[in-house]
Structure formats: structure tokens, C-alpha cells
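The values are calculated or read from the model by the stated rules, or taken from the named source; none is laboratory data. Small disclaimer: the values here were computed from a predicted structure and weren't measured. So basically every Cβ, Gly included, is an ideal-geometry build from the backbone, and we count neighbours across all protein chains shown.
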Amino acid sequence: MKYISTRGQVAPVNFTQAIMMGLATDGGLLLPEQIPHIDTTTLHSWKNLNFQELAANIITPYIDTEISSLELKTLIQSSYTKFTHPEITPLIQTGDLKILELFHGPTAAFKDIALQFLGNLFELLLKRSGQHLNILGATSGDTGSAAIYGVRGKENINIFILHPLGRVSPMQERQMTTVLDPNVYNIAIRGTFDDAQKIVKTIFNDLEFKQRYHLGAINSINWARVLAQIVYYFYAWIKFSNGNPDKFVNFAVPTGNFGDIFAGYIAKRMGLPISKLILATNQNDILTRFVHSGVYQIETVRPSISPSMDIQVASNFERYLYYLVGEEPKQVHNLLQELDNTQRLQITKAQHVQVNQEFAAVAVTEKATLEQMKATYEQTGYILDPHTAVGVKAAQAYSDTICLATAHPAKFNTAVQQALGRAASIPQNLQGLLKKETRCVTLDADIGVIKNYLYSKLEP
Ligand SMILES: *Cc1c(COP(=O)(O)O)cnc(C)c1O
């Protein structure tokens, strides 16, 4: 399988190159040249597979022969050993709700599903090439810990994660700083998340530094993250339909950077019987406004009780745009230029009709989110985390819908307490964090200071 850039300025690359490249060198995002199609007979024949077997079948056509089928199976097996549920992503029914629990990984958020896989994939590809990778990233909470758990203890990878000092939740901070493996470097900066992100971006823009130190990113633009997330859409559909290709389903997806729901979009294009993808946003509703109006207009971020969805520019949205404009990189380029110049882009009427065939969208207020948490708890005893609650609320008007549960409620107990008057009990993998030893340096939010720190760790 070859991979191409949404901006069309990169000669097609193979799977390995696409994964190591992360962001395409022309600033675009990488996509497979064709999306494999799964016919209904094949789909039906998969109905008794477990999660790992299904993953191997779905991922194989995207890799061709670059990774042998045995290597891939081993890689998938080891990626899901740290999950605490035997089904990895169980579909559960509580009252009228169908919930796909994606939070049984080591950091109790859905990002583990992709980042455990990506960590192992990096390790395999680096061993082959004899190279070394230094991952650098900024986090406001969930991504940092999931990334750290994805690569901790791996020989040919170091990871440097910047977080804003005192501005991530105590649980999130501990999840990162209690990882003591020698290849993990936590940096608390005296500043905001935006400061941290700016520093990381500036360092990535220093191409000489980036190349000399084999700097890599682990954010949601890596194709392997989308790829790993396609699997649970298939898994959930099989549990829902028992493999009957006439049974269509909707998915409600709590959305921030458009990574999770884009994986659902690819699953739909592969032939999975999905009627609608229900895009659920919190008060940061740029994507909902886009689905309703055909206009993508950037506003300022307003912090919410579902912080992992507090974004304005959704990094995976460009991938969807590429398909929407008929796979024409020139048009993607023009639309993005419009966005750059005016903070706004607008699609055509015909394209807008298409968007509404594929997606429904609902923005959910803070108040409605808390009310949904309370209502679900009172009706069924089930505790939703605030991100999942946004999706459940958005799904209200639709039948035959599976709601994706993206985080364990105990990670967001302040909101749970506020909504229910009680906290969620802490799952085993998050227990005892407050008593564990930590390691973290605190540095000024200054590009020179951060670079010096990196130099000191990167040069023996
Ligand atoms: C990252 C995250 C989301 C948003 O997912 P995207 O792929 O960015 O749309 C939703 N909920 C939780 C808990 C998350 O960590």
C-alpha cells in the first residue's frame, strides 16, 4: 500500500515511511492511496473473531507485506496485554444505552488503544532500521500519559512530554510523573498549555535540530493511530449485528481533534454498515457548526468539564476534507489557504449535502452534560465520564446507536462528584498513584531553556 499526502506534494511512500514521517513533509497528512473494501461475505465470516484476530484482518491490507503476518500478530497481541478487560473494547448494554467501553487500557482513556499499538510499531520499525527516535510532545492531560505508557521502557525511543505546571489534574499529573523508566522525561513548564505547545512547534520547525536528533511526534496525525482505531468500530458492529450485513448502526462519538470519528468514517468507507456518524462536541463546537452550516470558522477555546475535547482546529479534519473535495490536493490547499487568511473556510452546497449524508452533529452544553450524567446514573446506575456523556446526550434522538465511552469516569471525578453527588470508584490501574514515587523537572517556558535541557539529555 502506498500513502499520499492530502496536499499532494509528497511522492507516494510505503507504510513504514508513512509511520516514521508522521506529518507529511509538505505539511499535509498521509492517507492510503486506496481504502480497502470489505465485502459482506467476508464481514460475516469475521463474526466469531476476537479483538486481536479482527485487528490483524483489518490492518493487514494497509501494510501489505512490509510486516509479516506473524510479526503483525505478535505486535497486536503485545499491544493489548495491559488491558484489564478480556474483550479489550466490550460493548455493554445498560438500560436503553449501548456503550462501547474504550477505557480498559493502562491510562483509562481510549487513546491507549492506538498508542499501545503505535509504541510497539515504532519499536519494531526502529529495530529494523537501527535508528533511534526522540518523541517530543505537549499535553494538557490525556495524550501525554497514554503516549508515555505506549513507549515506556522501549530501547530505541526516548519520550519528552511537556505539561503546564499545576494545570493538569492531579490524577493526570501522577499518571505521567510516576513512570520512572529511564527513557521517559517529564517536563513541567511554568506557563500554560499554549506556551508548551508553542515551544514544541518551534522546536519542530527547526528542521536541522529535528533531523539531527531524530525528533518524532506522537499526536493524532500519525496514520497508525487512525488505523488502530478503525478496529473497534468493526468489533462493536459485529457484537451489535451478529454479523448480519443488513443491520445498520449509528455511532455517537465525543469529538475533539476528529481522530476517533475519522476512524469511523474510514470504517464506513471500507463497507461497514454504518448509517450515521454522530459527531458530538462540547461548547467548543466548531465541527458541529461546520456540519450544520458548511462553514468552518475558528473561534477561541472555552475550557470545559470535558477538557480533551477543548479544541478549535481539529488536526484530522484535513483528512476528511481531502475526501470531501473528491481527492483533489489542489482544492484542499486552496481551502486551507482560505482558512489561514480568514480563519474561515466554506464548502460548496453539494459538498454540504454530502457531509449531512455521512454525519449528524450535536453540540452539548456544560449544563446538559451534567444533567445527562445524572439522568443516566439515576436510570441505570451507570456512571458516564463527562466526554462520554456529551456523546450519549447527542445520541438521544437516534435509535440503534452505539455510544463510544472514551474515558473511565474516575479520571474526571470532579465532574462526576458535581453531577451525581458521589465519585466513581477508582479502577485498579489508577489506584495508589498518589503514593508512588515521581520524577519530573520544572523549567521556565522558554525555548532556550527547553532546548538546553534536550541537548543535555540527547548528547551523552
Ligand atoms: C482525546 C479524547 C477525545 C477526543 O478524541 P479525538 O480523536 O481528538 O476527536 C474524547 N474523549 C477523551 C476522553 C479523549 O481523551
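Quick notes on this structure:
- Among (1) away from the ligand (no atom under 16 Å from the Cβ); (2) under 26 Å from Gly150 (Cα atoms); (3) in contact with an Asp or Glu (Cβ under 8 Å, 6 or more places away or on another chain) - the single one Gly256 does not satisfy: (1)
- Residue match in the stretch 389-410 (condition: within 27 Å of the chain's Cα centre (by Cα), touching a residue at least 24 places away in the same chain (Cβ under 8 Å) and over 30 Å from Ser241 (Cα atoms)): yes
- If the condition is being within 30 Å of Lys411 (Cα to Cα), among the polar types (S, T, N, Q) and not in a loop (DSSP other than H, G, I, E, B), then the stretch 433-460 contributes only Thr442.
- Only listed residue being aliphatic (A, V, I, L, M), at pLDDT below 95 and away from the ligand (no atom under 13 Å from the Cβ), chosen from Ile298, Ile274: Ile298
- For the stretch 190-234, a tally of residues being of a type in the set (Ser, Thr, Tyr), more than 16 Å from the ligand (Cβ to nearest atom) and in a loop (DSSP other than H, G, I, E, B) returns 2.
- Within the stretch 7-36, considering residues that are in a strand (DSSP E or B) and within 19 Å of Gly216 (Cα to Cα), the one farthest from the chain's Cα centre (by Cα): Val13
- Qualifying residue in the stretch 241-250 (condition: away from the ligand (no atom under 16 Å from the Cβ), modelled with pLDDT of 95 or more and part of a helix (DSSP H, G or I)): yes
- Filtered residue count, the stretch 311-367, keeping only those that are under 23 Å from Ile4 (Cα atoms) and in contact with a His (Cβ under 8 Å, 6 or more places away or on another chain): 0
- Residue under evaluation Trp237, criteria (1) within 20 Å of the chain's Cα centre (by Cα); (2) farther than 22 Å from Ala407 by Cα; (3) more than 16 Å from the ligand (Cβ to nearest atom), criterion not met: (2)
- Top-ranked residue in the stretch 301-345 [being basic (Lys, Arg) and touching a residue at least 60 places away in the same chain (Cβ under 8 Å); ranked as nearest to the ligand (Cβ to nearest atom)]: Arg319
- Qualifying residue in the stretch 130-151 (condition: without any contact (Cβ under 8 Å) to a residue 12 or more places away in the chain and surrounded by fewer than 24 Cβ atoms within 10 Å (Cβ to Cβ)): yes
- Residue list for the stretch 62-80, restricted to those being among the aliphatic types (A, V, I, L, M) and surrounded by 14 or more Cβ atoms within 10 Å (Cβ to Cβ): Ile63, Ile67, Leu72, Leu75, Ile76
- Test: residue in the stretch 119-130 that is part of a loop (DSSP other than H, G, I, E, B) and either basic (Lys, Arg) or away from the ligand (no atom under 16 Å from the Cβ) (or both): yes
- Against the test of being surrounded by fewer than 24 Cβ atoms within 10 Å (Cβ to Cβ) and over 30 Å from Val13 (Cβ atoms), the options Phe83, Phe103 yield a single qualifying residue, Phe83.
- When Gln379, Gln372 are screened for being outside any loop (DSSP other than H, G, I, E, B), among the polar types (S, T, N, Q), surrounded by fewer than 22 Cβ atoms within 10 Å (Cβ to Cβ) and away from the ligand (no atom under 12 Å from the Cβ), only Gln379 passes.
- Residue satisfying condition, being assigned to a strand (DSSP E or B) and free of Cβ contacts under 8 Å to residues at least 24 places away in the same chain, within set Ile92, Ile4: Ile92
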